[in-house]
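J.: Attaching a single structure in structure tokens format; questions to follow.
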Amino acid sequence: MAFERCEEDTLNQILGKGSHCKTDKEIKDLLSINAAISMYLIDHYIDVLNYESPSTKFFVNVENNIKEGIYPINHLNFNPSFIKTNKGLIFDEIIENSTYSYERNDVFTYDDATNKIYTIYCFWLGNRIDYYERTYKRLQDMISHIGGFYQFIVFSTVFITRLYNSFVILFDTETLLNSSISNEKYNLLKKGKISYQKKQKKRVIKNIINHQ
């Protein structure tokens with residue numbers, strides 16, 4: 001695609017007879033104020049995490065200054081993109097989207113003594129494709145994961161229960177031993193006290209007999 005200087009024959013074919021191009025002086029005055037040509041391209045940004053719209057469109061501005069005696073050639077390079085999505089809940093549901101992505105602009109400048117060409121755009125589609133594939137979990141996959149999670153819960157519950165039971169057994173054993181030791185100490189103290197009382201009683205009786 002080229003932007004060239006206005007030609008009256010071409011202008012009359014497009015706009016009808018009686019149409020006129022600007023004069024050479026008007027064109028020269030226009031070029032002297034750093035005129036530029038801007039072309040907006042639609043580019044695509046691929047976002048595989050976006051469930052509804054994995055391909056987002058946005059504008060890219062390619063701008064060239066217009067100068068006398070030279071003209072730029074823009075080699076606009078694009079890469080095809082392919083998005084494959086399996087979004088079936090139970091059975092496979094394949095959705096395929098083809099698009100493109102803007103890669104770069106290679107600019108080359110050439111001389112033009114006639115000042116008839118202002119800028120040229122060449123569009124190139126590369127032979128390298130950007131391939132994206134998305135697969136979402138189906139119902140049977142979710143059930144499988146739920147089963148694995150359930151087994152984990154059961155295993156954790158059994159482990160905690162066994163640990164708790166072991167702690168309870170140790171605690172009850174300690175309580176029983178402490179109780180037995182306390183009872184034994186109490187019995188020993190009781191026996192010692194009775195034995196002491198008997199000795200004291202014998203001494204009192206012996207003293208009474210001696211006094212008599």
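The values are calculated or read from the model by the stated rules, or taken from the named source; none is laboratory data. Because the structure is predicted, anything quoted here is derived from the model rather than measured. Counting neighbours? That spans all protein chains shown, and the Cβs are built from the backbone with ideal geometry, glycine included.
J.: Within region 94-115, count every residue that is outside any strand (DSSP E or B) and aromatic (Phe, Trp, Tyr).
T.: The number of residues fulfilling the criteria is 0.
Every residue, every condition in (1) part of a loop (DSSP other than H, G, I, E, B); (2) surrounded by 11 or more Cβ atoms within 10 Å (Cβ to Cβ); (3) within 36 Å of the chain's Cα centre (by Cα); (4) among the aromatic types (Phe, Trp, Tyr), yes or no:
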position: THR10; (1), (2), (3), (4): no, yes, no, no
position: SER38; (1), (2), (3), (4): no, no, yes, no
position: PHE82; (1), (2), (3), (4): no, yes, yes, yes
position: ASP92; (1), (2), (3), (4): yes, no, yes, no
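J.: Out of curiosity, is GLU103 surrounded by 11 or more Cβ atoms within 10 Å (Cβ to Cβ), among the acidic types (Asp, Glu), in contact with a strand residue (DSSP E or B) (Cβ under 9 Å, 6 or more places away or on another chain) and under 13 Å from MET39 (Cβ atoms)? If you could, list the steps in order and put the result at the bottom.
T.: Values: surrounded by 11 or more Cβ atoms within 10 Å (Cβ to Cβ): yes; among the acidic types (Asp, Glu): yes; in contact with a strand residue (DSSP E or B) (Cβ under 9 Å, 6 or more places away or on another chain): yes; under 13 Å from MET39 (Cβ atoms): no.
No.
J.: Hey, another quick one. Assess whether ILE42 counts as being of a type in the set (A, V, I, L, M, F, W, C), surrounded by 11 or more Cβ atoms within 10 Å (Cβ to Cβ), without any contact (Cβ under 8 Å) to a residue 40 or more places away in the chain and within 30 Å of TYR136 (Cβ to Cβ).
T.: So ILE42 fits the description; yes.
J.: From PHE59, PHE78, grab the single residue that is loosely packed, with under 12 Cβ neighbours inside 10 Å and aromatic (Phe, Trp, Tyr). Spell out how you get there, then give the answer.
T.: Details: PHE78 fails: loosely packed, with under 12 Cβ neighbours inside 10 Å.
Sole residue among the options that is loosely packed, with under 12 Cβ neighbours inside 10 Å and aromatic (Phe, Trp, Tyr): PHE59.
J.: Of all residues in region 134-156 being hydroxyl-bearing (Ser, Thr, Tyr) and under 30 Å from TYR45 (Cβ atoms), which is modelled with the lowest pLDDT? Write out each step before concluding.
T.: Step one: filter region 134-156 for residues hydroxyl-bearing (Ser, Thr, Tyr), giving 135-136, 144, 150, 156.
Keeping just the survivors that are under 30 Å from TYR45 (Cβ atoms) gives 135-136.
Numbers: THR135: 85, TYR136: 80.
Going through the qualifying residues, I end up with TYR136.
J.: Within region 12-36, can you find the residues that are part of a loop (DSSP other than H, G, I, E, B) and under 57 Å from the mean Cα position of the chain (by Cα)? Spell out how you get there, then give the answer.
T.: Going through region 12-36, the residues part of a loop (DSSP other than H, G, I, E, B) turn out to be 16-23, 32-35.
Hits for region 12-36 are GLY16, CYS21, LYS22, SER32, ILE33, ASN34, ALA35.
J.: Further question: So which of TYR118, TYR131 ends up being loosely packed, with under 12 Cβ neighbours inside 10 Å, modelled with pLDDT of 85 or more and under 28 Å from ASN74 (Cβ atoms)? Step through it out loud before you land on a result.
T.: Numbers: TYR118 fails: loosely packed, with under 12 Cβ neighbours inside 10 Å.
Step by step, each of TYR118, TYR131 is checked, and only TYR131 is loosely packed, with under 12 Cβ neighbours inside 10 Å, modelled with pLDDT of 85 or more and under 28 Å from ASN74 (Cβ atoms).
J.: For region 65-80, which residues satisfy the criterion of being assigned to a loop (DSSP other than H, G, I, E, B) and either within 15 Å of PHE108 (Cβ to Cβ) or of a type in the set (Asp, Glu) (or both)?
T.: Kept after step one, since they are assigned to a loop (DSSP other than H, G, I, E, B), are these residues of region 65-80: 66-69.
The answer is LYS67, GLU68.
J.: Now for a different question. For the subset of region 45-56 comprising residues that are among the polar types (S, T, N, Q) and part of a loop (DSSP other than H, G, I, E, B), which member is surrounded by the fewest Cβ atoms within 10 Å (Cβ to Cβ)?
T.: Let us first name the residues in region 45-56 that are among the polar types (S, T, N, Q), namely 50, 53, 55-56.
Keeping just the survivors that are part of a loop (DSSP other than H, G, I, E, B) gives 50, 53.
Values: ASN50: 12, SER53: 9.
Out of the qualifying residues, it is SER53.
J.: Which number in (1) under 22 Å from LEU41 (Cα atoms); (2) among the aromatic types (Phe, Trp, Tyr); (3) outside any strand (DSSP E or B) marks the one condition that TYR118 misses?
T.: The one condition TYR118 does not meet is (3).
J.: Next question, about the same structure. Tell me yes or no: at least one residue of region 21-40 is in contact with an Asp or Glu (Cβ under 6 Å, 6 or more places away or on another chain), among the hydroxyl-bearing types (Ser, Thr, Tyr) and under 30 Å from GLU4 (Cα atoms). Before you say what the answer is, go through the steps one by one.
T.: Here is the first cut: in region 21-40, the residues in contact with an Asp or Glu (Cβ under 6 Å, 6 or more places away or on another chain) are 21, 31, 36, 38.
Still in the running and among the hydroxyl-bearing types (Ser, Thr, Tyr): 38.
Imposing the further condition that a residue be under 30 Å from GLU4 (Cα atoms) reduces the set to 38.
Checked region 21-40: at least one residue is in contact with an Asp or Glu (Cβ under 6 Å, 6 or more places away or on another chain), among the hydroxyl-bearing types (Ser, Thr, Tyr) and under 30 Å from GLU4 (Cα atoms).
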